[in-house]
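Everything below concerns the one structure shown next.
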Amino acid sequence: MTPDPWIDVCASPALTDGGEGVRFELPAAVPGERGEAAFVVRFDGRAHAFLNRCAHQRAELDWLPGRFFDEAGLYLVCAMHGALFEADSGRCVAGPCAGAALQALHCEEHEGRVRVALRRPGRPGASGRIDE
Ligand code: FES
């Protein structure tokens with residue numbers, strides 16, 4: 001049986017535009033490696049997923065669990081030094097890592113659930129091929 005290529009994160013209504021996000025752990029892509037903290041948020045009607053790792057010093061972004069957005073609900077903000085990231089692309093638009101970006105994950109909504117692809121962009125699969 002082929003393993004499910006998705007991780008089920010939450011029900012679609014759990015995410016509101018510019019509201020709280022949902023944290024989850026992305027299992028390790030390679031056996032023996034540790035999983036990584038990740039999160040999903042909703043912005044402009046769509047769900048977006050990123051590794052929970054700032055582009056500046058790799059700190060987790062949320063200042064309280066699930067609180068990723070700034071007060072206006074427009075940008076993701078890093079609690080450590082205040083970098084601001086576009087919520088759709090993950091690109092840093094202000095702060096110490098301006099021009100860098102969060103690691104985006106492939107995310108989609110399916111049958112009322114938000115799910116994220118287990119395969120990380122740019123990482124090889126079991127056979128070593130990135131595109132498998
Ligand atoms: S660790 Fe995120 S802005 Fe410095």
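Points worth noting:
- Computed from backbone phi with θ = phi - 60° and the Karplus coefficients 6.51, -1.76 and 1.60, the 3J(HN,Hα) list for the stretch 63-75 is 7, 9, x, x, 9, 9, 8, 6, 4, 7, x, 9, 10 Hz; x is used for glycine and proline.
- Taking 0.36 nm per residue of separation and subtracting the current Cα-Cα distance, fully stretching the chain between S12 and R113 would add 35.9 nm.
- Applying both filters, DSSP loop and at most 12 other Cβ atoms within 10 Å, to the trypsin sites (Lys or Arg not before Pro) of the stretch 1-73 gives R34, R58.
- Computed over the chain, the P(r) curve from all C-alpha pair distances, binned at 10 Å from the origin, holds 13, 44, 33, 10, 1 percent per bin.
- Distant-in-sequence amide contacts of C10, defined by a placed amide H-H separation under 5 Å and a gap of 5 or more residues or a different chain, comprise V114.
- For the stretch 14-70, GluC sites (Glu not before Pro) meeting the loop criterion (DSSP other than H, G, I, E, B) and having at most 10 other Cβ atoms within 10 Å: E33.
Rule-based calculations on the coordinates, nothing more; no lab input. All values derive from a computational prediction rather than experimental measurement. Quick reminder, even Gly has a Cβ in these numbers, built from the backbone with ideal geometry, and neighbours come from all protein chains shown.
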